[in-house]
Amino acid sequence: MATQKPAAKKPAVRTKRTTTAAKGKKPAAAAASKNVAAKAGAKTNWKVLAGVVVAAVIVATAAIMVGQSEASASCRSKTLKQGSTGSCVKVVQKYFGLKQDGIFGKNTKAKVVAFQQGFKLSADGIVGPKTWSKMCSVLKPGVSAHKSMAKSIGCTLTGNGSVYYK
């Protein structure tokens, strides 16, 4: 008698679903709800984006105003010397045509000393009230670059050539 081999198992065959989802199409209700959600999300995203932009503008404006007030109103009240750093040092460096790195080094001190000697001030290389005042008085109101510098220092040039601190 011959032995028979057991029958091989047939692989399971899945039948295709005939629903619209199986054909790659979404049911109308699901598609409609997704579109509504997408539109609502887009509106929300625009509102959020608009809020972020407004906040960024406010922060940037405040930062500019703070930077300007520090570089003008408080510079004339600060005493700067070798080793000082910050925006007021940059104002001094700009005044003397130096690289504006914000560090009061030997080159900045040398320019300050030369300026002080030229105007018969105490040539100590320290930018204090007398040096700030003299820096303002040298500026001319008709020169636009001088007007800008006067604003940076914190002094005002008038049309008749007089200079005063704000």
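The values are calculated or read from the model by the stated rules, or taken from the named source; none is laboratory data. Quantities reported herein were computed from a predicted structural model and do not represent experimental measurements. Glycine also receives a Cβ, built like all others from the backbone with ideal geometry; neighbour counts cover every protein chain displayed.
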Query raised in the report: Before we move on, is LYS106 basic (Lys, Arg) and more than 25 Å from the chain's Cα centre (by Cα)?
Result: yes
Query raised in the report: From the set of residues in segment 95-122 that are among the polar types (S, T, N, Q) and part of a loop (DSSP other than H, G, I, E, B), which is surrounded by the fewest Cβ atoms within 10 Å (Cβ to Cβ)?
Result: SER122
Report task. Identify the residue in segment 123-147 that is surrounded by 12 or more Cβ atoms within 10 Å (Cβ to Cβ) and polar (S, T, N, Q) and, among all such residues, is modelled with the highest pLDDT. Result -> THR131
Query raised in the report: Can you pull out the residues in segment 80-92 that are outside any loop (DSSP other than H, G, I, E, B) and in contact with a Lys or Arg (Cβ under 7 Å, 6 or more places away or on another chain)?
Result: CYS88
Query raised in the report: Out of all the residues in segment 64-76, is one or more modelled with pLDDT of 85 or more and within 20 Å of CYS155 (Cβ to Cβ)?
Result: yes
Report summary line: Scanning segment 78-126 residue by residue, those small (Gly, Ala, Ser) and on the phi > 0 side of the Ramachandran plot turn out to be GLY83, GLY86, GLY97, GLY102, GLY125
Report summary line: Checked segment 148-166 for anything within 23 Å of GLN117 (Cβ to Cβ) and at pLDDT below 80; matches are VAL163
